[in-house]
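Okay, so here's the structure we're looking at.
FYI, it's all coordinate maths here, none of it is from the lab. No experiment lies behind these values; they were computed from the predicted model shown. Using ideal geometry, Cβ is built from the backbone for each residue, glycine included, and neighbour counts are taken over all protein chains shown.
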Amino acid sequence: MSSTGQELHELLGLQSNVVETISYSEFLTRLRERPEMADSAAATLVRAIESKGEVDIDSSPSELRPYLKMLKKMGVTTWKAFKNVRGSQRVVARLLNHLRAAAANGYQLRLAILLKGGPGSGKSFLANSIKDALEGEIVYAVDGCPVHENPINLLNLLSEETICKIESQLKMTDADRDAEFKAAVKAAKGSTEKPVRKPTLHDLLAISGQPCQHCWSAVMKGDKPNLSEIKVTAMRLSSRSFGISTWSKNCTLAQSLEMGSRGVVDMPELFGSAAAGKDANALASAEELDILLEATNDRQIPAGCGDSGSCGEKSSRKGFLPLDAVMIGQTNDGSYARFMQEQADPDKFMRRIAIFNVPYITSVSEEEQAYRAAIAEMRDQPHFDPMTLKITALLAVISRMKKDHAEVDIVKRARMYDGEQLAVEKKNINNAQPGSAANQASNPFGSNYGGRATTGTQAAPKKVTAYWSVGEFWAAAGEDEGMAGLNMPDMLNIISEAVSLVMRDAGPDDAPCISTLEMLGFLRTKIEQMKKKPGLTDTQKKVLENCTEFLRPPKDISDKPGLIEEEYRRVLKRQFLEVIAPDFERRAKELFERYRVHARAFAGGQKDAIEMVEQAGKLVERRVKVNFDGILDDLENNMGLYGESDKADFRRSVEGHILNLQLKARQATDEEGDEDEDTAAAAKVDVTWRTLPKLAEGIAKKLNDESAKKLERVLKSEIELSEEDKTTKREALQRFKDLGYCEHCAKVALTYFNDYQLWKQS
């Protein structure tokens with residue numbers, strides 16, 4: 001391109017995908033320090049994703065932080081490249097592991113990726129995020145090659161002797177790389193950065209392929225290869241030019257695969273409605289699917305589009321071309337099932353496809369965030385009370401979860417999936433040894449809650465308390481958790497319709513609002529309408545029947561409602577207790593510290609304990625008698641510990657469990673510190689009243705019971721209240737509004753709270 005042409009190109013905002021052109025020898029020289037220049041498509045994709053970094057959890061919306069922290073704790077990283085992909089973090093983690101294996105020339109290199117999920121599960125969004133991550137990434141290709149051949153492949157035309165000489169000249173031998181790595185480790189001593197051993201030239205060649213016919217002809221001059229005239233071009237991957245391709249009916253599959261060479265090929269609705277070619281609306285014909293099998297099995301495709309890369313052109317090239325691309329197909333469950341039924345030999349496809357189930361969102365916070373994002377785009381928006389969208393999201397989430405868990409109700413599981421720390425006790429764990437695998441796997445206190453540690457085989461069996469973990473729920477549910485249920489489009493349609501109705505009926509001076517109870521009524525109506533739609537599958541019918549059960553209203557004040565309204569009651573009661581007792585956190589902390597002091601004294605066989613009390617704004621020491629019947633016994637009864645032996649065991653174990661948790665927290669941030677340093681630093685790790693879930697449960701119950709009595713008192717008519725209670729009531733109502741309630745939804749909630757006397761319910 002001329003200088004004038006280049007200037008016009010830039011002025012028009014058209015960026016050339018060509019970055020630079022260098023000689024082959026220069027490529028090899030740079031390769032020594034930048035081995036990523038020889039990356040395969042899979043390696044390029046992994047690098048593109050990881051280079052964008054992880055999501056900063058502390059900067060994320062506060063509602064999402066518990067969920068993201070829970071994922072992090074479970075070993076699932078949330079990447080910035082997928083920050084807007086909701087509910088699929090675990091799928092992304094699996095995909096990255098698959099791509100890393102493919103980049104290392106594993107068997108995954110010969111598999112196409114298939115994203116399988118229900119309508120609105122986010123398959124397309126996930127695929128688009130992958131393509132977006134690659135946009136603008138630079139790859140090096142043989143200049144003029146129709147498939148943008150990886151230049152490293154050309155070395156396979158040289159003799160082993162010549163390759164060894166090049167490797168030695170470039171100092172890319174095993175000895176050179178080992179020496180460099182040792183020097184880097186020595187230089188990095190004391191640094192947080194860990195050096196990585198760079199690959200040798202033979203390491204890179206181990207994952208390379210044979211060049212295409214075009215490149216073979218360009219290199220082979222007579223009987224000997226000659227690379228001196230070969231040019232290498234650095235090019236940006238782009239959906240407008242090459243390396244990022246989306247298959248549509250405007251192109252053949254072969255053309256799309258060729259256009260996506262060195263990058264990614266997206267194949268939306270791969271199987272269509274009848275992928276064997278019997279339906280005109282199906283995307284893939286039987287012949288094209290054979291091409292896909294060829295592309296995965298032999299990593300080659302028929303010559304397709306022509307050098308320009310534009311679809312619809314007749315190609316002058318014949319035969320096959322090598323393929324280096326990440327192939328991603330999409331399908332819904334129904335299309336996939338029909339496709340498999342139509343195949344005479346379905347295993348031939350299964351052998352060449354890595355299936356990734358893409359579930360619906362199973363995090364209430366993420367579901368709610370999706371609703372808020374959609375509402376933000378609406379022209380007219382009513383007010384929602386703080387619980388409306390959360391309860392709506394809860395219905396959607398539990399409709400997607402399996403109900404057949406014998407011990408734990410589905411709402412508690414949803415809360416744990418959302419990152420909430422709950423002490424959900426296992427009911428069927430009997431006579432488990434302290435420190436046993438069953439106990440260690442799920443015990444929030446460590447390996448020895450319920451008794452002192454035992455060794456050998458002579459210890460008597462002892463009943464211990466074990467708790468469910470999120471990981472165990474995930475494992476028990478299997479990969480099909482979240483694969484069926486109310487989908488996102490349906491939920492957004494319901495919310496949009498509710499908004500439309502409220503805004504329609506609002507007067508010019510009204511402040512339109514949708515309370516949780518009003519939304520529950522609307523949801524019940526919509527679910528009944530959805531049940532009457534023709535053509536529902538058995539699974540869809542079951543989902544809707546479950547939703548009817550979840551949304552069941554109470555018949556009277558004594559009747560227990562369905563799970564959704566029951567959860568609304570729980571949160572509403574907590575909110576009322578918080579506004580009536582704003583010093584809850586301070587009082588909880590005081591109870592926690594007092595319990596620790598008295599439990600520590602009990603464990604040490606002491607009769608006296610030292611408490612810290614506030615006097616004139618300062619903390620001072622106070623010597624008191626160990627309070628067995630008060631602070632200790634009272635909280636333990638609220639924990640559900642009634643046996644004297646169980647109480648004694650718990651008191652003795654408290655400090656040991658806190659120290660254990662502190663050490664684990666410290667080791668997570670500094671794995672290289674010695675034991676003495678860790679122990680000293682552990683004391684600095686923050687310990688709150690929520691640190692031990694069982695104790696936190698007892699503290700919360702005690703304070704909530706006290707607040708409930710106070711709340712019952714101030715909810716009486718004004719004439720029955722003392723001046724102190726009147727002041728308390730006014731302040732509480734203001735704090736209730738501060739939570740996000742307007743006058744309308746606050747009145748609805750308060751009326752409901754009074755009608756059903758929720759302060760009396762546990």
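Here are the numbers for the structure shown:
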read-out	value
Kirkwood estimate for the range 511-660, i.e. one over the average of 1/r between Cα atoms, Å	20.3 Å
Label-point gap, in nm, between Lys710 and His202 - each point 7 angstrom along Cα→Cβ	7.6 nm
P(r) tail fraction, the range 333-379 - alpha-carbon pairs more than 16 Å apart, %	62 percent
Nearby lysines by direct alpha-carbon distance to Lys182 (threshold 18 angstrom, same-chain neighbours under 8 apart not counted)	Lys171, Lys194, Lys198
Subset of Lys532/Lys560; Lys532/Lys573; Lys80/Lys348; Lys426/Lys701; Lys427/Lys625; Lys560/Lys710 violating a 30 Å alpha-carbon distance limit	Lys532/Lys573; Lys80/Lys348; Lys427/Lys625
Separation of alpha-carbon centers, the range 559-605 and the range 146-198, rounded to whole Å	60 Å
Equivalent ellipsoid, the range 8-127 (semi-axes from 5 times Cα gyration tensor eigenvalues, Å)	32, 20, 17
Added length on full extension, which subtracts the Cα-Cα distance from 0.36 nm per residue, Asn84 to Glu33	14.9 nm
Relative contact order computed over the range 120-215 (Cα-Cα under 8 Å; 6+ residues apart), in percent	34 percent
FRET efficiency, 1/(1 + (r/R0)^6) with R0 22 Å, evaluated for Leu158 and Asp178 via beta carbons	0.35
³J(HN,Hα) computed for each position of the range 234-241 - Karplus, 6.51 cos²θ - 1.76 cosθ + 1.60, integer Hz, glycine/proline x	8, 10, 8, 5, 8, 5, 8, 10
14 Å Cα-Cα reach of Lys709 towards aspartates and glutamates, excluding residues that sit fewer than 8 places from it in its own chain	Glu578, Asp725
Whichever lysines have a C-alpha closer than 22 Å to that of Lys224, once near sequence neighbours (fewer than 8 apart) are set aside	Lys165
Spacing of the two label points (7 Å from each Cα toward its C-beta) at Glu135 and Glu342, in nm	3.3 nm
